[in-house]
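Asks: Can you keep this structure in mind? I'll have questions shortly.
The values are calculated or read from the model by the stated rules, or taken from the named source; none is laboratory data. Because the structure is predicted, anything quoted here is derived from the model rather than measured. Neighbour counts are summed over all protein chains in view; Cβ atoms, including those assigned to glycine, are modelled from backbone coordinates with ideal geometry. SASA here: full protein model, heavy atoms, side chains in, ligands and nucleic acids out. Shrake-Rupley method; radii C 1.70, N 1.55, O 1.52, S 1.80 Å.
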Amino acid sequence: YTSSKLDNEDSSVSAWVFTPRIGASFGRDSAVYVGAMYQVPEESHSGIQPIAGIGNVPYKVTLTAKDRWNYVAGFNLGLSEHWVLTVEGGFGDRDSGLGMLTYRW
């Protein structure tokens, strides 16, 4: 779960994300997997926007996700005893991407 409060206007952003995965491990630090991602984002913004020639225009916008589920596939690759590379792609009704280089001690 993630929540943010923006400081330049009356805004809030929150998201609940659940990503179940299943896969196979190869050695200590390598794996391939498939799964799905479920997201429930909620974003709201309101304020007043000055527009030249018109004046101050109030606005209020609420954004949500049209499609909450998408598929994911990825892999973890142990590069050394301490370094692991993760690459994941999401596809379906929503595209996503994840790249991560992790140091473990």
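Asks: Starting from the stretch 12-32, take each residue that is under 21 Å from L101 (Cβ atoms) and of a type in the set (A, V, I, L, M) and list its partners that are at pLDDT 85 or above and surrounded by fewer than 12 Cβ atoms within 10 Å (Cβ to Cβ), counting only C-beta distances under 7 angstrom and pairs at least six apart or across chains.
Replies: A31/A24; A31/S25; V32/A24
Asks: Also, quick follow-up: Since N56 meets every condition but one in (1) over 29 Å from Y103 (Cβ atoms); (2) at pLDDT below 90, which condition does it not meet?
Replies: Going through the list (1) over 29 Å from Y103 (Cβ atoms); (2) at pLDDT below 90, N56 breaks only (2).
Asks: Going through the stretch 84-93 one residue at a time, which ones are at pLDDT below 95 and within 18 Å of R104 (Cβ to Cβ)?
Replies: V84, the sole residue that qualifies.
Asks: Can you name every one of the strands (runs of 3 or more DSSP E) wholly within the stretch 1-97 that holds 2 or more residues which are among the polar types (S, T, N, Q) and open to solvent by 60 Å² or more (accessible area, probe 1.4 Å)?
Replies: 2-6, 55-64
Asks: Another question, if that's okay. Output the residues belonging to the stretch 59-76 that are in contact with a Phe, Trp or Tyr (Cβ under 9 Å, 6 or more places away or on another chain) and either at pLDDT 95 or above or of a type outside the set (F, W, Y) (or both).
Replies: R68, N70, Y71, V72, A73, G74, F75, N76
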